[in-house]
Amino acid sequence: MQVAVIGGGAAGFFGAIACAEANPNVKVLLLEKSGKLLSKVRVSGGGRCNVTHHCFVPTVFSQNYPRGAKPLKEALKVFGAQQTVDWFQRRGVALKAEADGRMFPVTDSSETIIDCLMREAKHVGVQIRTNAGVQSITPMQDEDGNQKFILHLLGGESIATDRVMVATGGNPKSQSYDWLRQLGHTIKEPVPSLFTFNVPGSPLKELQGVSVPHARVRIASQKLEYEGPLLITHWGYSGPAVLKLSAWGARYFHDQNYTFTGLITWDAGFTEENLRDQLHQFRTAHPKKTVASNALFGLPQRLWRGLCQVSEIEDDTRWMEMPAKSTNKLIEALLRMPAEVNGKTTFKEEFVTCGGIDLSEVNMKTLESRKQSGLFFAGEVLDVDGITGGFNFQAAWTTGYLAGQQIASSFS
């Protein structure tokens, strides 16, 4: 009984371990195309590895996936965030939750997670080969009618196996999925997700490094918006509000060639009425104070001055001298600051791809292909992706675990 797992990332390792652990009689071979294992785990979270998110209610957790939320909801009931925490805990790796819900190993080192997975794979007998890229898969049946697969490696070698788990991750190039199309699968075209916005003409780019804790970013003419921390960068805007919005709007932004207008509300609690009232109250109480020198609403002073400049308010203008036209411009800048986006930038070294195997062609309870029995999928090769915060790794652990368990039980 032979199983081949294609892909040495989070989903591949977790699936291989789950399979070997559930059925010790199965020989599990993990094949990685490159010379490096778990490379995405290593760079995740700035080298700390954002393992999962501190949310133990599957119906709530699943709402963080722009694609794949409904089928994942059921899968998370079997193996969700709590099971992930417990899995690592049993193997000597404690996780901690940060204020924003992200969970990391208490060591703050991704090497802790890598060492755990490598150690566990060795413990359950998973064989690992690097520099072993799979070029194509040929399904066949033996003389007894049993399902078999021949894996054709890039170097010309062929490997026979009984079951295959594909966990090759997402890929931005559509042709990279051709070998899976040959097995009868439909591919949802890959486009980037989780990226920052380039705003070349931003009047605030000199304020790089300034952030606000609870902004709202929305897209003009679209029902797309997200609230959260926002960071001004030298190329435009970043931070969770932008990254999460980029995930929800991944296909729209791609279709617009990453050229569109965003509207920024610097505090999600702002309304035109409360802004106008509070500005009037401050003006009445402090008529001789200069507008630009006295930041309001808890905004950083540098940002406040920048918004005053955008509103054409001179540095020495006092509140009692402020014309109604300038007040209206300031309210607009606070409430609907335009961001003319032209391009995107990958967030640090983390990248996520929207797209992959069409979920309608996969039994999401077992992760087995509906097109080819004995073929399973796990991780980002599926058309599943989450927002930033540990959700993509959780999808990898969940789908890897379910696929591995199902493969193990398919031999009994």
Filter pass, Lys244 being in contact with a strand residue (DSSP E or B) (Cβ under 9 Å, 6 or more places away or on another chain), within 20 Å of Gly269 (Cα to Cα) and basic (Lys, Arg): yes
State whether one or more residues within region 270-282 are closer than 20 Å to Gly228 by Cβ and either among the β-branched types (Val, Ile, Thr) or surrounded by 16 or more Cβ atoms within 10 Å (Cβ to Cβ) (or both). yes
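Inspect region 11-22 for any residue being surrounded by 21 or more Cβ atoms within 10 Å (Cβ to Cβ) and outside any helix (DSSP H, G or I) and give the result as yes or no.
No, every residue in region 11-22 fails to be surrounded by 21 or more Cβ atoms within 10 Å (Cβ to Cβ) and outside any helix (DSSP H, G or I).
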Filtering region 154-177 down to residues that are under 33 Å from the mean Cα position of the chain (by Cα) and within 13 Å of Leu30 (Cα to Cα), which residue is surrounded by the fewest Cβ atoms within 10 Å (Cβ to Cβ)? Thr161
Helices (runs of 4 or more DSSP H) wholly inside region 205-293 containing at least 2 residues that are free of Cβ contacts under 8 Å to residues at least 60 places away in the same chain and farther than 18 Å from Gly389 by Cβ: 250-255, 272-285
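Every residue, every condition in (1) of a type in the set (Phe, Trp, Tyr); (2) outside the structural domain of Ala247 (by TED's automatic domain parsing); (3) in a loop (DSSP other than H, G, I, E, B); (4) in contact with a Gly (Cβ under 6 Å, 6 or more places away or on another chain), yes or no:
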position	(1), (2), (3), (4)
Lys36	no, yes, yes, no
Val41	no, yes, no, no
Ser44	no, yes, no, no
Cys49	no, yes, yes, no
Phe56	yes, yes, yes, no
Pro71	no, yes, no, no
Lys77	no, yes, no, no
Thr84	no, yes, no, no
Gln89	no, yes, no, no
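One line per residue, one yes/no per condition, for (1) outside the structural domain of Gly390 (by TED's automatic domain parsing); (2) more than 23 Å from Val51 (Cα to Cα); (3) free of Cβ contacts under 8 Å to residues at least 40 places away in the same chain:
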residue: Ile128; (1), (2), (3): no, no, no
residue: Ser136; (1), (2), (3): no, yes, no
residue: Met140; (1), (2), (3): no, yes, yes
residue: Ala167; (1), (2), (3): no, no, no
Test Val341 against the criterion of being in contact (Cβ under 8 Å) with a residue 40 or more places away in the chain, under 29 Å from Lys223 (Cα atoms), in contact with a Gly (Cβ under 6 Å, 6 or more places away or on another chain) and assigned by TED's automatic domain parsing to the domain that holds Ser221, and give yes or no. yes
Looking at region 318-335, can you tell me whether even one residue there is over 34 Å from the mean Cα position of the chain (by Cα), in contact (Cβ under 8 Å) with a residue 24 or more places away in the chain and part of a strand (DSSP E or B)? yes
Out of Lys36, Lys40, I need the residue that is within 18 Å of the chain's Cα centre (by Cα) and in contact (Cβ under 8 Å) with a residue 40 or more places away in the chain. Which one? Lys40
For Val341: the one exception among (1) outside any helix (DSSP H, G or I); (2) more than 30 Å from Leu279 (Cα to Cα); (3) in contact with a strand residue (DSSP E or B) (Cβ under 6 Å, 6 or more places away or on another chain): (2)
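The values are calculated or read from the model by the stated rules, or taken from the named source; none is laboratory data. The structure presented is a predicted model; accordingly, all values stated were derived computationally and were not measured. Using ideal geometry, Cβ is built from the backbone for each residue, glycine included, and neighbour counts are taken over all protein chains shown.
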